[in-house]
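Since the structure comes first, as structure tokens, the remarks are kept for the end.
No value in this document is a laboratory result; all are computed from the given coordinates. Predicted model only: the values in this text are computed from it and were never measured. Here the Cβ positions follow ideal geometry from the backbone for every residue, glycine too, while neighbour counts run over all protein chains shown.
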Amino acid sequence: MAKQKRSPCPIACTLDIVGDKWTLLVVRDLLLGRTHFKEFAAGPEKIATNILSDRLSRLVEFGLAETYPSPERANTIAYRLTKRGRSLAPVIESITEWGLANVPGTAAKLRAK
């Protein structure tokens, strides 16, 4: 997290954290109630497990998500968004609305658990 910023621009700094191809999709899944690695890996985008592991680690590193012992599965960790991570919900909603309005063939089929 002590990485040198490329500029003081808040957009650039935010994109350095969540601006890759996968991170906001992982945040979307967390907002939808997914908590376990296998649930994320089973998503329709077919994220590679090494990338998924990296993105979950980065979300934890930057304080957007946290791990906790899974209440459903012994000896397994689960993930959830922190307050800081949940503050991305309006961003996800705005991107969803924009995509529905401007990208033909899109659909918001996923719903929170």
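When the criteria are applied in full, Leu30 fails the requirement of being assigned to a helix (DSSP H, G or I) and either without any contact (Cβ under 8 Å) to a residue 40 or more places away in the chain or exposed (fewer than 15 other Cβ atoms within 10 Å of the Cβ) (or both).
Examine the stretch 60-68 for a residue that is of a type in the set (Gly, Ala, Ser), in contact with a Leu (Cβ under 8 Å, 6 or more places away or on another chain) and surrounded by 16 or more Cβ atoms within 10 Å (Cβ to Cβ), and state whether such a residue exists. The answer is yes; a qualifying residue exists.
Selection of the stretch 51-81 for residues being in a loop (DSSP other than H, G, I, E, B) and either closer than 14 Å to Asp29 by Cα or under 11 Å from the mean Cα position of the chain (by Cα) (or both) yields only Leu64.
Within the stretch 88-99, residues that are touching a residue at least 24 places away in the same chain (Cβ under 8 Å) reach partners that are assigned to a helix (DSSP H, G or I) and not hydrophobic (A, V, I, L, M, F, W, C) with beta carbons closer than 6 Å, at six or more positions or on different chains, in the pairs Ile92/Arg28. Taken over the stretch 75-103, the residue count meeting the criterion of being over 21 Å from Lys38 (Cα atoms) and either among the hydrophobic types (A, V, I, L, M, F, W, C) or in contact with a Ser or Thr (Cβ under 9 Å, 6 or more places away or on another chain) (or both) is 11. Residues of the stretch 1-25 that are part of a helix (DSSP H, G or I) and closer than 14 Å to Ile95 by Cβ: Thr14, Leu15, Val18, Thr23, Leu24, Leu25. Is it the case that the stretch 1-9 has a residue that's under 23 Å from Ala108 (Cβ atoms) and either free of Cβ contacts under 8 Å to residues at least 40 places away in the same chain or exposed (fewer than 11 other Cβ atoms within 10 Å of the Cβ) (or both)? The answer is no, given that none of the residues of the stretch 1-9 is under 23 Å from Ala108 (Cβ atoms) and either free of Cβ contacts under 8 Å to residues at least 40 places away in the same chain or exposed (fewer than 11 other Cβ atoms within 10 Å of the Cβ) (or both). The residue of the stretch 33-48 that is nearest to Ala74 (Cα to Cα), among those that are free of Cβ contacts under 8 Å to residues at least 12 places away in the same chain and not small (Gly, Ala, Ser), is Lys38.
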